[in-house]
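Colleague: Can you read through this structure? Questions will come right after.
The values are calculated or read from the model by the stated rules, or taken from the named source; none is laboratory data. In this text the structure is predicted, and so the values were computed from the model without any measurement. We place every Cβ from the backbone using ideal geometry, glycine too, and count neighbours over all the protein chains shown. Please note that ligands, DNA and RNA were not included when accessible areas were found on the heavy atoms of the full protein model with its side chains. Shrake-Rupley method; radii C 1.70, N 1.55, O 1.52, S 1.80 Å.
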Amino acid sequence: DAGVIQSPRHEVTEMGQEVTLRCKPISGHDYLFWYRQTMMRGLELLIYFNNNVPIDDSGMPEDRFSAKMPNASFSTLKIQPSEPRDSAVYFCASSRGLAGGHEQYFGPGTRLTVT
Amino acid sequence: GNSVTQMEGPVTLSEEAFLTINCTYTATGYPSLFWYVQYPGEGLQLLLKATKADDKGSNKGFEATYRKETTSFHLEKGSVQVSDSAVYFCALSERETSGSRLTFGEGTQLTVNP
């Protein structure tokens, strides 16, 4: 399997622009997670899905952030409008839940820079 | 709620030194415990895991034993290499209360010098 795929790997945008991050989980995995990592706050869970349904979005920082999972093989994280404080590395991870022992497999991340 | 506490970093060692990174946890049920490693510029990778008390997880010379009595899961390696330089995260999953969600520690930066 190719592992979790994220795109783009790097994104540089100006404040106020819309940013869309994409994730393809490992086939057969029923959980998908979005994380944000910064030096100041470390690794934060933003939202996670089970069988394409959002289960917990309490980590989403504010209404500017939204996430969707239209099918089992694709998810997006959108920031609109973007702000400089959104600059971070965003990771997507997937797992097979209980059947897979809860091990999460991480993608390579998207490094977002908002100027 | 669940929580994971790791020893503060950064940790700097010379090659072939012994490594211990402490991890303790708080959980209401019976968690599975994990160590993840993040190499520079990459995502997190599972290093090892243990699913019940007294289990020992091991991989690439690293070991950790699930100690329920001390609620700990300390990471050890007998002889570190420069290539082990990375950030190490301790994590737990408590399936009864959080499904497949992981609770991570803060991470410990390890630098190994030649």
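Colleague: Please go through the stretch A:12-26 and give me each residue that is in a strand (DSSP E or B) and over 14 Å from the mean Cα position of the chain (by Cα), ordered by number.
Modeller: A:Val12, A:Thr13
Colleague: Could you pull out the residue among A:Arg22, A:Arg36, A:Arg64, A:Arg41 that is free of Cβ contacts under 8 Å to residues at least 40 places away in the same chain and either in contact with an Asp or Glu (Cβ under 6 Å, 6 or more places away or on another chain) or away from chain B (no Cβ under 14 Å) (or both)?
Modeller: A:Arg64
Colleague: Now for a different question. What is the number of the single condition among (1) modelled with pLDDT of 95 or more; (2) within 30 Å of A:His10 (Cα to Cα); (3) within 12 Å of chain A (Cβ to nearest Cβ) that B:Gly57 does not meet?
Modeller: (2)
Colleague: Test B:Phe62 against the stated conditions and say whether it is away from chain A (no Cβ under 14 Å) and crowded, with 16+ Cβ neighbours inside 10 Å.
Modeller: So B:Phe62 fits the description; yes.
Colleague: Same structure, new question: Against the condition open to solvent by less than 70 Å² (accessible area, probe 1.4 Å) and either within 12 Å of chain A (Cβ to nearest Cβ) or out of contact with any strand residue (DSSP E or B) (no Cβ under 9 Å at 6 or more places or on another chain) (or both), how does B:Tyr25 come out, does it pass?
Modeller: no
Colleague: Being open to solvent by 50 Å² or more (accessible area, probe 1.4 Å) and within 14 Å of chain A (Cβ to nearest Cβ), is that true of even one residue in the stretch B:82-95?
Modeller: Looking for residues that are open to solvent by 50 Å² or more (accessible area, probe 1.4 Å) and within 14 Å of chain A (Cβ to nearest Cβ), one finds at least one in the stretch B:82-95, hence yes.
Colleague: Let me ask you something else. Report the residue count in the stretch A:27-49 for those that are surrounded by 14 or more Cβ atoms within 10 Å (Cβ to Cβ) and more than 14 Å from the chain's Cα centre (by Cα).
Modeller: Number of matching residues: 3.
Colleague: Taking B:Pro114 as meeting all but one of (1) over 12 Å from the mean Cα position of the chain (by Cα); (2) surrounded by fewer than 20 Cβ atoms within 10 Å (Cβ to Cβ); (3) within 12 Å of chain A (Cβ to nearest Cβ), write down the number of the exception.
Modeller: (3)
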